[in-house]
C-alpha cells in the first residue's frame with residue numbers, strides 16, 4: 001500500500017524531472033516518476049522531435065529507463081505537467097505501456113501547476129484490460 005506521503009515524494013520527483021524535458025516545439029514539459037517494486041524511483045521526461053511522431057512521452061521514457069535497469073514491476077506513478085494549470089493524464093499509448101508493467105490497482109497521481117491533482121489507478125485509466133490477466137507476472 002502506497003501512502004499519501006510516498007505519492008507526494010514521487011510527485012516531487014516527477015516535477016523535478018519535468019524541468020529537464022526537451023519540449024522545444026510544444027513548450028509543454030512533462031515529467032514522470034515510477035516507484036519500482038524494490039523501492040527505487042526512475043524518472044522520465046518527454047523528448048520532442050521536429051518529426052512530431054517521433055516524440056516520446058515522459059511516462060514511456062520512465063518505463064523504458066526502468067526496464068533498461070532491469071526493473072520489470074512498478075507500483076506507483078506520478079506525472080507533472082508544469083506548463084498546464086490543470087492536471088493532464090497520460091495519453092492512450094502510455095496507458096497501454098504502463099498497463100504492461102503495473103497492476104490495475106497501482107496508484108497514479110497527476111497534476112499541473114495549479115492546486116488540483118488527480119489520484120487514480122492504472123485500472124481506472126485503462127479499464128477492461130484483459131491483456132493484464134494474460135501477462136506472465
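The values are calculated or read from the model by the stated rules, or taken from the named source; none is laboratory data. Because the structure is predicted, anything quoted here is derived from the model rather than measured. Glycine gets a Cβ as well: all are built from the backbone with ideal geometry, and neighbour counts include every protein chain shown.
Looking only at region 107-134, count how many residues are closer than 15 Å to residue 59 by Cβ and surrounded by fewer than 18 Cβ atoms within 10 Å (Cβ to Cβ). Going through region 107-134 one residue at a time, the tally reaches 3. Inspect region 95-107 for any residue being part of a strand (DSSP E or B) and either modelled with pLDDT of 95 or more or over 16 Å from residue 7 (Cβ atoms) (or both) and give the result as yes or no. Yes, region 95-107 contains at least one residue that is part of a strand (DSSP E or B) and either modelled with pLDDT of 95 or more or over 16 Å from residue 7 (Cβ atoms) (or both). The residues of region 90-106 that are closer than 24 Å to residue 116 by Cα and surrounded by 15 or more Cβ atoms within 10 Å (Cβ to Cβ), listed by number, are 90, 94, 95, 98, 104, 106.
A search for C-beta distances below 8 Å between a residue of region 1-27 that is touching a residue at least 24 places away in the same chain (Cβ under 8 Å) and any residue that is in a helix (DSSP H, G or I) and surrounded by fewer than 20 Cβ atoms within 10 Å (Cβ to Cβ), counting only pairs 6+ apart in sequence or on different chains, returns 25/52. Note on region 10-31: residues that are part of a loop (DSSP other than H, G, I, E, B) and under 10 Å from the mean Cα position of the chain (by Cα) amount to 1. For residue 34, indicate whether it is within 10 Å of the chain's Cα centre (by Cα), in a strand (DSSP E or B) and either touching a residue at least 24 places away in the same chain (Cβ under 8 Å) or under 24 Å from residue 129 (Cα atoms) (or both). The answer is yes for residue 34.
Listed here are the residues, each with its yes/no results for (1) under 16 Å from residue 60 (Cβ atoms); (2) surrounded by 12 or more Cβ atoms within 10 Å (Cβ to Cβ); (3) modelled with pLDDT under 95.
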site: 11; (1), (2), (3): no, yes, no
site: 20; (1), (2), (3): yes, yes, no
site: 24; (1), (2), (3): no, no, no
site: 27; (1), (2), (3): no, no, no
site: 34; (1), (2), (3): yes, yes, no
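Here are the criteria: (1) more than 11 Å from the chain's Cα centre (by Cα); (2) without any contact (Cβ under 8 Å) to a residue 60 or more places away in the chain; (3) closer than 23 Å to residue 12 by Cβ. Tell me which single one residue 119 does not satisfy. So residue 119 meets the others, but not (2). Residues in region 38-48 that are outside any strand (DSSP E or B) and either under 16 Å from residue 91 (Cβ atoms) or modelled with pLDDT under 95 (or both): 2 in all.
A quick yes/no check of all residues on (1) part of a loop (DSSP other than H, G, I, E, B); (2) touching a residue at least 60 places away in the same chain (Cβ under 8 Å); (3) crowded, with 17+ Cβ neighbours inside 10 Å:
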residue	(1), (2), (3)
50	yes, no, no
53	no, no, no
60	no, no, yes
65	no, no, no
76	no, yes, yes
82	yes, yes, yes
86	yes, no, no
